[in-house]
Structures are given as C-alpha cells and as structure tokens.
Amino acid sequence: MTFTFVTLFENLVSPYFEDSILKRALQSGKIKIDFKNPRDYTDNKHNKVDNYQAGGGAGLLMFPQPLSALLDELKRDNPNVHIIFPAPAGKPFRQIDAKRLAKKEHIVFVSGRYEGIDERVIEEYGDEVFSIGDYVLTGGELASLVMSDAISRNIKGVLGNEDSLDEESFEDGTLEAPSFTKPNIFKGSSIPSEFLKGNHAIICTLKKEMSGLKTKYFRPDLFLRNKGQ
Ligand code: 6GU
C-alpha cells in the first residue's frame, strides 16, 4: 500500500511514521508513504495556493489550479489511485471503511488548510469524502493520519499478532469487552474471578455480556443500531 499525503505541511504528518508499528510497516515494505506539496504546482509568481471565497465568507480557500495540476500528475503516474478528501462535511469514517480501503494499492489523502478547498476540486477528483467526527480540525492532516493508521493495521503483516484484529471493537458493531493483566488486585479492585479460573467458554460468554453492557452504556447509538438488525 502506498499512501500519498497532499499537504502544505509535510512536517505535521511525517513524524507519526517514525516510531512503533507504522515505522516497522515502512521498514518491512508493507506500506510506503510520500508527500506532495500543492505549492510546488502553482503557476503564479508568488506560489499562492489560496484566495478569498466567492460570495464572501470568512477565511481563505485553496483554489483549484495547484491541486488540479498535482492530482492530474498523480493520476497520470497511476490511474488506480484512490483519492480521499478529509472534511468535516464528509461521511463518517468507520472500521468497515478501514478494512475495505486496506485492499487498495495506492491511497491519496488531500488535506485542505485555511477554510477548505474549492468544492469543484473535490467533485472532480474525490473518490470519497470522509469525516472523522463531529468537530472541526484546523486542517485535514490529523484526519489523514487517523485514517491511514486505521487502514494500515488492517493490511496483512502490519500487526505482529493478526489475532488482535478478530475480537476488537466495532468488529460486530459492539465495543470490545474490558481486559485485564497483572496484578490480580489493583488498588483493592480484583480481576473478574472467572478470568483467573481459565474456563475459556465461560470467559467468552462473560466477555460477550460485558461487551453488550459497555456498548449500551457508552454508545447507545451503536446498541440501538445492532438491535435494529
Ligand atoms: Cl476529515 N477534516 C477536518 N479538517 N476537520 C474534520 C474532519 C476532517 N473530521 C472532523 N473534523
């Protein structure tokens, strides 16, 4: 998988890949990353990438020309690129999207800064527009990192232990059950006793029950959606 980050601020993105699991994924060649700066594609004297909004409105918008030149070049080099625009006005990014996108060959994240990007660029080039939650970020970079992280861990060979992909949150529309490790008693609070006895069937039933309760408590929206199925 190749991730291309289109951004004015490469330094906001690159450090995340310098440690831990994604560093290892880069080293083993399971993922590749590169960066493209819209400012390198401008055709104006001062390398401007933004301008006032048509019809008024606060803040500056990235105008089409630099992004268009950049994305045309990417598509020429690889017609199979899958282009994603992170935006608060996108559809919610979910675990099923992370799993589906892990099968792509090359994903491009186009980060807007300022007040965003001229809508015609998104319509012309966007394969998908995703939001990572109901709040507004200062730019798409963090959202691109969130999505590329969630996608990467679903690529075969990226996680040390592939089993950890089986029982995790959202896999079946529920939150994962709580988990525990040593010591058996921490600040007076014990690990649930069945966990210590080691009967696998009982532990499995208990985990399912706790998973349901946790989902109902923290995410009534998910819980109701499950019941509706
Ligand atoms: Cl994907 N981008 C930006 N800029 N803000 C967001 C977002 C994305 N998702 C929620 N807020």
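The values are calculated or read from the model by the stated rules, or taken from the named source; none is laboratory data. These numbers were taken from a predicted model, which means no experiment stands behind them. Ideal geometry is used to build each Cβ from the backbone, glycine not excepted, and the neighbour counts take in all protein chains shown.
Couple of notes before you dig in:
- For region 120-141, filtered to residues that are surrounded by 13 or more Cβ atoms within 10 Å (Cβ to Cβ) and over 24 Å from residue 94 (Cβ atoms), the residue that is nearest to the ligand (Cβ to nearest atom) is 121.
- The listed residue being free of Cβ contacts under 8 Å to residues at least 60 places away in the same chain, assigned by TED's automatic domain parsing to the domain that holds residue 11, touching a Gly at 6+ places or on another chain (Cβ under 6 Å) and closer than 16 Å to residue 67 by Cβ, out of 129, 121: 129
- Restricting attention to region 114-124, the residues that are more than 15 Å from residue 5 (Cβ to Cβ) and at pLDDT 95 or above total 7.
- Leading residue by the ranking (farthest from the chain's Cα centre (by Cα)) among those in region 142-164 that are more than 8 Å from the ligand (Cβ to nearest atom) and among the polar types (S, T, N, Q): 161
- Exactly one residue out of 180, 223, 218 is surrounded by 13 or more Cβ atoms within 10 Å (Cβ to Cβ) and within 18 Å of residue 95 (Cβ to Cβ), and it is 223.
- Residue pairs whose Cβ atoms lie under 9 Å apart, separated by 6 or more positions or on different chains, with the first residue in region 205-229 and of a type in the set (Gly, Ala, Ser) and the second not in a loop (DSSP other than H, G, I, E, B), are 212/223; 212/226.
- Residue match in region 49-64 (condition: part of a loop (DSSP other than H, G, I, E, B), within 21 Å of residue 104 (Cβ to Cβ) and out of contact with any Phe, Trp or Tyr (no Cβ under 9 Å at 6 or more places or on another chain)): no
- Test: residue in region 192-201 that is at positive phi and either in contact with a strand residue (DSSP E or B) (Cβ under 6 Å, 6 or more places away or on another chain) or surrounded by fewer than 11 Cβ atoms within 10 Å (Cβ to Cβ) (or both): yes
- Of all residues in region 17-68, those satisfying the criterion of being in contact with a strand residue (DSSP E or B) (Cβ under 7 Å, 6 or more places away or on another chain) and farther than 19 Å from residue 147 by Cβ are 38, 49, 50, 51, 52, 53, 60, 61, 62, 63.
- Of the criteria (1) within 27 Å of residue 49 (Cα to Cα); (2) in contact with a helix residue (DSSP H, G or I) (Cβ under 6 Å, 6 or more places away or on another chain), which one residue 194 fails: (1)
- From the options 61, 70, 74, residue that is more than 30 Å from residue 154 (Cβ to Cβ) and crowded, with 18+ Cβ neighbours inside 10 Å: 61
- Residues that are free of Cβ contacts under 8 Å to residues at least 60 places away in the same chain, near the ligand (Cβ under 9 Å from one of its atoms) and not in a strand (DSSP E or B), drawn from region 78-118: 93, 112, 116
- Residue in region 202-209 that is more than 16 Å from the ligand (Cβ to nearest atom) and modelled with pLDDT under 95 present: no
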